[in-house]
Amino acid sequence: MLSLRWTKLPWAGGAGLSQIFKKNKREFLRVRSHNLVKYHYLSSRGPTERVSNIINLSEGGLQFRYRGRITVGTAVKMLINIVEEGKQIPVLGRVKWIGRAEGRSRSVRVGVSFMAIEDEDKNFIRRFIRHHKKEFLFK
């Protein structure tokens, strides 16, 4: 019988078992995306409209790069442009988190959760992800 008694594992850089076997808490599979999102939100300076590159996409939300100020909890009206399929998907979302973008001092990564999306569009995103998951799986 094998018994692990170490709380810190030297071969894993001192990480504990809970860090090594941490479960992915995401509800939906996400894939990298090379599409654009046009979005609108209200800021302290009034209505703001921008276009950005999508970093990744799932049935439940998306992540994009942003330069400027936006806060967690902000409601965002978006139009997702899926170029390969010639499809535009209107969505209402809410900013769930903001993180620093890699290698870009002024950019941040913004995670948005979908609050309102038509069933047909959600099914389209589900099919898109299933079709592209082998080539664009986000690891």
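A Förster radius of 35 Å, combined with the Cβ-Cβ distance separating Arg45 from Glu102, puts the computed FRET efficiency at roughly 0.80.
Proximity of backbone amide H atoms, modeled 1.01 Å from N, is registered between Ser33 and Asn56, Leu57 at under 5 Å, excluding neighbours fewer than 5 places apart on the same chain.
The modelled label-to-label distance for the pair Arg65/Leu79, using points 7 Å beyond Cα in the direction of Cβ, is 2.3 nm. Given an 8 Å cut-off on Cα distances and at least 6 residues of separation, report the relative contact order of the stretch 27-136 as a percent. Result for the stretch 27-136 is 26 percent. Going by neighbour counts of Cβ atoms within 10 Å, the residues Ile98, Ile55, Ile89 line up, fewest first, as Ile98, Ile55, Ile89.
A straight chain from Lys133 to Glu118 at 0.36 nm per residue would run longer than the Cα-Cα distance by 3.2 nm.
Each reported figure results from applying straightforward, stated rules to the coordinates on display, with no laboratory input. All values derive from a computational prediction rather than experimental measurement. Methodologically, a virtual Cβ is constructed for each residue, glycine included, from the backbone with ideal geometry; neighbour enumeration extends over all protein chains shown.
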